[in-house]
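The values are calculated or read from the model by the stated rules, or taken from the named source; none is laboratory data. Here the structure is a predicted model, which means the values were calculated and not measured. Quick reminder, even Gly has a Cβ in these numbers, built from the backbone with ideal geometry, and neighbours come from all protein chains shown. Just the protein is used for accessible areas: all its heavy atoms, side chains included, with ligands, DNA and RNA removed. Shrake-Rupley method; radii C 1.70, N 1.55, O 1.52, S 1.80 Å.
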Amino acid sequence: LAPLYLALLHYPVRDREGNAVTTSITNIDVHDIARSARTYSAKNFFVVTPIAKQQEVLARIIEHWDHGAGKSRIPERSIAIGRVCIASAFDEVVQIIEKQNSAKPIVIATSAQRREEFEAWTFERGRSELSNTERPVLLIFGTGHGLHDEVLRKVDVILEPIAPESDFNHLSVRAAAAIVLDRLCA
Ligand code: SAM
């Protein structure tokens with residue numbers, strides 16, 4: 001199976017009007033997605049923000065669960081948090097993965113909407129590609145109102161949305177990450 005990585009982007013993501021903005025780190029996204037990522041054997045979960053102060057917040061969250069009071073209270077959580085990495089940009093994540101594996105990752109974006117202008121994979125296609133490649137695979141998730149086109153233009157493919165026929169399919173990123181992982185990797 002391909003070496004798997006996840007990234008949660010806090011920049012560049014869309015605001016209500018579609019402009020590129022930076023969103024704030026959320027404690028619950030970090031440790032919930034870390035646990036899902038660990039369950040499906042992801043090598044690392046990158047949390048991406050260009051803002052130094054936000055990187056400090058992230059470092060404190062990691063420290064709390066990996067070494068501090070959180071670890072003594074709930075030790076198993078540090079097993080997952082230990083694979084969380086801080087990055088300042090999407091391009092940096094791609095470079096780190098490429099260096100670790102001596103191969104460029106296949107970058108797969110997620111969205112609640114179908115985007116006809118980008119290449120799309122069904123979950124079935126994604127499953128089969130993942131089991132037939134030795135290249136690393138990077139799954140990326142958005143915050144705010146979703147990943148900005150600036151980053152979608154750089155990815156290899158976008159996954160079909162979860163529940164596209166529903167009259168409401170705007171999942172929390174934590175729920176979306178768990179469903180995507182289960183559909184691709186279980
Ligand atoms: N504030 C929100 C929260 O509480 O999580 C963040 C919304 S953010 C736009 C949600 C992200 O989860 C999207 O960028 C996408 O990565 C993923 N997502 C949400 N719904 C989805 C769906 N139906 N299909 C695929 N991915 C989805």
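Assorted remarks:
- Residue in segment 141-164 that is crowded, with 21+ Cβ neighbours inside 10 Å, under 14 Å from the mean Cα position of the chain (by Cα) and more than 16 Å from the ligand (Cβ to nearest atom) present: no
- Neighbours by Cβ (under 6 Å, 6+ apart or cross-chain): first from segment 115-127, of a type in the set (Gly, Ala, Ser); second part of a helix (DSSP H, G or I) and surrounded by 15 or more Cβ atoms within 10 Å (Cβ to Cβ): Gly126/Leu184
- Failed condition for Lys104, given (1) out of contact with any strand residue (DSSP E or B) (no Cβ under 9 Å at 6 or more places or on another chain); (2) in a strand (DSSP E or B): (2)
- Among the residues of segment 88-100, at least one is touching a Lys or Arg at 6+ places or on another chain (Cβ under 6 Å) and either among the hydrophobic types (A, V, I, L, M, F, W, C) or more than 22 Å from Gly146 (Cβ to Cβ) (or both).
- Criterion: assigned to a helix (DSSP H, G or I), open to solvent by less than 30 Å² (accessible area, probe 1.4 Å) and of a type in the set (A, V, I, L, M) - qualifying residue of Leu138, Leu130: Leu130
Residue-wise test of (1) out of contact with any strand residue (DSSP E or B) (no Cβ under 9 Å at 6 or more places or on another chain); (2) more than 24 Å from Pro105 (Cα to Cα); (3) among the basic types (Lys, Arg).
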site: Tyr5; (1), (2), (3): no, no, no
site: Leu8; (1), (2), (3): no, no, no
site: Tyr11; (1), (2), (3): no, no, no
site: Val30; (1), (2), (3): no, no, no
site: Ile62; (1), (2), (3): no, yes, no
site: Trp65; (1), (2), (3): no, yes, no
site: Gly70; (1), (2), (3): yes, yes, no
site: Gly82; (1), (2), (3): yes, no, no
